[in-house]
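As structure tokens, the structure follows; a few thoughts come after it.
Any read-out appearing in this document is the output of simple, stated calculations on the displayed coordinates, not a laboratory observation. Predicted model, so just to flag it, every value in this text is computed and none were measured. Please note: Cβ atoms are built from the backbone with ideal geometry, for glycine as well, and neighbour counts cover all protein chains shown.
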């Protein structure tokens, strides 16, 4: 019997073959007791994607009385790096997996050339990579990816988040898994809009998650994952746990995080320098604790300014990075700005979406980078 998608869309229809191929590979790996390593970006969208796939696989494994072969680890960098691949290679080379074909599932990362050195290492050791991502795709070598699921491949965009895509994949693996609300939560986390978000919000509501609850759940998740030391059970209780315990965790973590977010926003309001619709903040000089992180802090100010000005743009400079939120003028995107900076300065790196991203540069070049960017956007 054919499994219905969680939310049907034209993009899902076009990606259906890739979803089915990935689900078949993962279910086959479970049947063969082969190692499956789930790697996901360490933000809200990434965690939604990671937990969705993990839960679906674990339930299939338990139903088949198989021994545990599924592991999940967050990625702190917005890319799959060589150090990550080395760690995954170590996990997969455990003697208990001898003669088993490993799978690495990369979520909310994996669609750019920045990921390809690590992917080449996996391929060298015959480890297949399944990529589920929603970042813009550049000139990549598709042969490094066993399956690549991304709406950009079929004319879509980043509003079809990794969490939404992962929930659809999880549904094909195990349609009974209690993870369908995570699709909408990922959209709320990544501040997307449009057809996919609206569709998954309706699905979430049918499963007992109103938009208000999802927003509170996101705030709790955002604060919890900022600790950079995941509590496996705590995270699962928050995202897919029993209602009563989940509500208590939301109240605790969202409440504590809100105090810190408001403190940070007050500091940013007082210290932002404006040039028309553009706000410039020295985020590195305005942080006194770890939360909210620079990107989240810049995002808070951007969300507030956008309510009054659709052209709002926030540039947050740190000692060696620039975090951007908003639509860049002059037809620029984060990607094209990175290319222009690379042509002028050494050791420039970064990524993100068209209207949100982070660019890294040498600390010694900070003032020159600021001057260069100001000339480009004014």
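Estimated from helical segments only, the mean residue ellipticity of the chain at 222 nm is -15500 deg cm²/dmol, where each DSSP H run of four or more residues counts as -39500 (n - 2.57). Structural descriptor for region 166-255: relative contact order 25 percent, calculated from alpha carbon pairs under 8 angstrom and at least 6 residues apart. The angle between the Cα long axis of helix 366-377 and the longest principal axis of the Cα atoms of the chain comes to about 90 degrees, rounded to the nearest 10. When you count the other C-beta atoms within 10 angstrom of each residue and take the mean per peptide, 360-372, 74-86 line up highest first as 74-86, 360-372. Helix 162-173 and the longest principal axis of the Cα set of the chain meet at an angle near 10°. In summary, the convex hull built on the alpha carbon positions of region 272-377 has an orientation-averaged projected area of 6.2 nm². By its C-alpha gyration tensor, with a ≥ b ≥ c as the square roots of the eigenvalues, how is region 10-209 shaped: rounded for a/c under 1.5, else prolate for a/b larger than b/c, else oblate? Oblate. Estimated at 0.36 nm per residue, the fully extended path between residue 230 and residue 289 surpasses their Cα-Cα distance by 19.4 nm. When the chain is treated as a Gaussian network with alpha carbon springs shorter than 10 Å, the biggest mean-square fluctuation among 143, 278, 333 belongs to 143. Only beta bridges with both residues in the chain are counted; by DSSP, about 45 percent of them are antiparallel.
Were the residues from residue 64 through residue 330 laid out at 0.36 nm apart, the gain over their Cα-Cα distance would be 90.1 nm.
Per the Kirkwood formula applied to alpha carbons, region 90-163 shows a radius of gyration over Rh ratio, Rg over Rh, of 1.03. With both labels modelled 7 Å from their Cα along Cα-to-Cβ, the residue 303 to residue 202 distance reads 2.5 nm.
Between residue 31 and residue 91, the contour length at 0.36 nm per residue exceeds the Cα-Cα span by 19.7 nm.
Using C-alpha pairs below 8 Å separated by at least 6 residues, the relative contact order for the chain is 13 percent. If you plug the beta carbon distance of residue 101 and residue 16 into 1/(1 + (r/R0)^6) with R0 = 22 Å, you get a FRET efficiency near 0.35. Answer rounded, prolate or oblate for region 132-288, using the Cα gyration tensor with square roots of eigenvalues a ≥ b ≥ c: rounded when a/c is under 1.5, else prolate when a/b is larger than b/c, else oblate. Because a/c hits 1.5 or more and a/b fails to exceed b/c, region 132-288 counts as oblate. Between residue 175 and residue 124, the distance separating the two model label sites (each 7 Å from Cα on the Cα→Cβ line) works out to 4.3 nm. The relative contact order of region 10-209 comes to 25 percent, based on Cα pairs under 8 Å that sit 6 or more residues apart. Specify the inter-centroid distance of region 307-328 and region 14-91, based on alpha-carbon positions, in whole Å. So the two Cα centres are separated by 33 Å. Calculate how steeply helix 334-344 sits against the longest principal axis of the alpha-carbon atoms of the chain, using the helix alpha-carbon long axis, and give the answer as 0 to 90 degrees to the nearest 10. Roughly 60 degrees between the two axes.
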